[in-house]
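Let me begin by presenting the structure, written as structure tokens, before commenting on it.
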Amino acid sequence: MYVTNITSHTLNIGMTFYAGDGTVTSCPVTVSNLTNSNTQIAAGVTAQISVTCSTLTTGIARIQWSNQSTDIDNVGLVAFGIRYINYTSAGVSSHTSVPVNGSNPF
């Protein structure tokens, strides 16, 4: 998933990833371009978040953000997901782009 801060200042951010059964996923999560122990996203920065599962699974993500101190943004992020499936043994791979919030800022 890619999440972009469309504001002119740093935002607080939180993400939770759920498996298809509604439980928090146990699959490893890798994050790049977030700061402060992955709780903030700088102005104009795009963060990449990867959830890598060893078996084919479905899931959802909850993305939350908030302003810092006296900032008063109504929207702060845009995001989209990419579902990548790679069946190495069968020589098959698949990519699907998944818009978040209908591609609208939130």
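Here, each number is a calculation from the coordinates, and none is a lab measurement. This structure is a prediction, so every number in the text was calculated from the model and none was measured. Using ideal geometry, Cβ is built from the backbone for each residue, glycine included, and neighbour counts are taken over all protein chains shown.
Side notes on the structure shown:
- Segments classed as strands (runs of 3 or more DSSP E), wholly inside the chain, with at least 1 members that are more than 13 Å from the chain's Cα centre (by Cα) and surrounded by fewer than 16 Cβ atoms within 10 Å (Cβ to Cβ): 11-19, 59-66, 77-87, 92-99
- Considering residues of the range 55-81 that are of a type in the set (Ser, Thr, Tyr) and in contact (Cβ under 8 Å) with a residue 12 or more places away in the chain only, the residue farthest from Pro105 (Cα to Cα): Thr57
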